[in-house]
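> Handing you a structure now.
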Amino acid sequence: MSEIERVGVVGAGLMGSGIAEVCARADLDVLVCEQDAETARVGRERIRASLERGVRRGKLTAREREAAESRLRFTSDADDLADRQLVVEAVVEREDVKMGVFEVLDKVVEDPDAIIASNTSSIPIMKLAMATGRAGNVIGLHFFNPVPVLPLVEVVTSLLTRTGTRDRAEAFVTRVLGKQIIRSTDRAGFVVNSLLVPYLLSAIRMVESGFASASDVDDGMVLGCAHPMGPLRLADLIGLDTVQAIAESMYAEFKEPLHSPPPLLLRMVEAGLLGEKSGRGFHTYP
Ligand code: CAA
Ligand code: NAD
């Protein structure tokens, strides 16, 4: 089986742009598929800014940044993904939207050995795999935000993922991207979000009930437990719409009150207060 050199990324939001960036930095040919030219432009700008930050922080040279940019192409036509050997889906955390993407990928990706991966935070991989006629090639590759900085990828196999698909995906993530993996079975939320999301929702409930302010909750966890950021600042980084979507898919699977999104979270999302990406969430951003 040939080495993975041609990668597709579907969705260039917070995560898709980070995944595309690390793939381009690993010398791969990267084609990013977004909904339209404007969303592609925003994704490209996000990658440019991150590469620039990487140069400022001494993580790559100006020449390496230019080389990475030259390896990135953008399209809004999914047919262009036909020759990809690995496609990572990173569209919004909605089962219906992701299933539509998987149906399209199944039709357009020509290589029968191509790996079709999802960066979903919580949706069981089996649901996405069954939207294709090649469930054995479908796997979860769950990156963490910010992708260029955090070393982890959770590898999620469904009951039908072939062992060969898993081995090839794991070799790609560790040897080519230089990331570390943990393995998870196919349960909504996987390993990390099963622990993280109830914690974030508890923090939101503390603010909702007037127990403590957002700043005091965050300072408590940063100064008292040495977390790099507090839970409300982290929820703002992830995106409150995404936190809600993850909580809902975990609640749908387990029916546990600890996964139920608190009303304050729902109201903030309805109000468009999505966190850092909209300028305001539990905190405000310039
Ligand atoms: N490219 C490469 N490296 C970069 C970079 C870039 N674009 N931007 C920053 N870095 C490097 C910096 O050089 C620095 O490295 P050194 O320590 O070696 O110098 C490091 O990354 C930290 O960068 P900063 O100093 O700019 O930022 P910071 O110290 O304020 O940290 C943060 C920012 C990395 C976001 C940190 O606050 C953090 O890790 N927060 C927690 C994030 C987290 O928990 N993410 C998981 C979210 S949950 C998820 O992702 C799963 C899900 O399904 C929702
Ligand atoms: P986001 O809202 O920032 O980006 C989603 C992007 O998908 C948007 O740019 C949108 O235009 C695009 N999109 C929607 N439908 C599309 C389609 N049919 N074809 C092409 N592009 C399409 O979301 P995000 O935070 O990047 O999350 C993406 C995925 O990654 C979700 O499954 C999320 O759960 C997961 N994830 C998010 C985080 C996080 O911290 N935000 C961390 C890990 C995993």
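Please treat every number below as a calculation from the coordinates, not as lab data. Nothing here was measured: the structure is a model prediction, and the numbers come from that model. Cβ placement follows ideal geometry from the backbone for every residue including glycine, while neighbour counts extend to all protein chains displayed.
> Please compute the modelled spin-label separation between Met130 and Asn145, points set 7 Å along Cα→Cβ, answer in nm with one decimal.
Result for the modelled spin labels: 2.8 nm.
> Another one. Roughly what would the spin-label model give for Ser260 and Lys107, points 7 Å off Cα along C-beta, in nm?
Reported label-point gap for Ser260 and Lys107 is 4.1 nm.
> So for Asp29, Asp36, fewest C-beta neighbours within 10 Å to most, what's the order? List each step's numbers first, then the result.
Values: Asp29 16, Asp36 8.
Arranged by neighbour count, lowest to highest, Asp29, Asp36 become Asp36, Asp29.
> Counting other beta carbons within 10 Å of each Cβ, put Lys255, Lys107 in order, fewest first. Each step should come with its number before you reach the end.
Numbers: Lys255 9, Lys107 13.
Final ranking by Cβ density, sparse to dense: Lys255, Lys107.
> Rounded to the nearest 0.05, what FRET efficiency do Arg175 and Leu195 give with R0 = 35 Å and r taken as the Cβ-Cβ distance? Could you check?
Working: r = 28 Å, r/R0 = 0.79.
After rounding to 0.05, the efficiency reads 0.80.
> Just rank Arg175, Arg233, fewest to most, by other beta-carbon atoms within 10 angstrom.
Details: Arg175 11, Arg233 23.
Taking fewest neighbouring Cβ atoms as first place, the list is Arg175, Arg233.
> For an R0 of 30 angstrom, estimate the FRET efficiency from the Cβ-Cβ distance between Ser209 and Thr185 and round to the nearest 0.05.
On the way: r = 34 Å, r/R0 = 1.14.
The calculated FRET efficiency here is 0.30.
> Related question: Cα gyration tensor of region 1-133, axes a ≥ b ≥ c as square roots of the eigenvalues: rounded (a/c below 1.5), prolate (a/b > b/c) or oblate?
Numbers: a/c = 1.99, a/b = 1.60, b/c = 1.25.
Judged from the Cα gyration tensor, region 1-133 comes out prolate (a/c at least 1.5, a/b above b/c).
> Could you give me the ³J(HN,Hα) list for region 272-278, computed from phi with Karplus coefficients 6.51, -1.76, 1.60 and θ = phi - 60°, whole Hz, x at Gly and Pro?
Per-residue couplings from phi come out as x, 8, 9, x, 4, 5, 10 Hz.
> While we're on this one: Hey, in the GNM for the chain with a 10 angstrom Cα cutoff, which one of Ser215, Ser118, Ser17 fluctuates hardest?
Ser215
> Using only the alpha carbon atoms of region 239-279, find the Kirkwood hydrodynamic radius as the inverse mean reciprocal pair distance, in angstroms to one decimal.
On the way: mean 1/r = 0.0965 Å⁻¹.
Evaluated over region 239-279, this radius sits at 10.4 Å.
> In debye to the nearest 20, how big a dipole does region 6-184 give about its Cα centre with +1 on each Lys and Arg Cβ and -1 on each Asp and Glu Cβ? It would help to have the intermediate numbers written out before the result.
Details: 26 positive and 27 negative charges, 171 e Å.
The calculation lands at about 820 debye.
> Enumerate the whole-percent occupancy of each 10 Å bin, from 0 to the last occupied one, for all C-alpha pair distances of the chain.
That works out to 7, 28, 35, 23, 7, 0, in percent per bin.
> Mind running the shape call on region 1-79? Use the C-alpha gyration tensor, a ≥ b ≥ c as the square roots of the eigenvalues: rounded below 1.5 for a/c, prolate if a/b tops b/c, oblate otherwise.
Oblate shape, in that a/c is at least 1.5 and b/c is the bigger or equal ratio.
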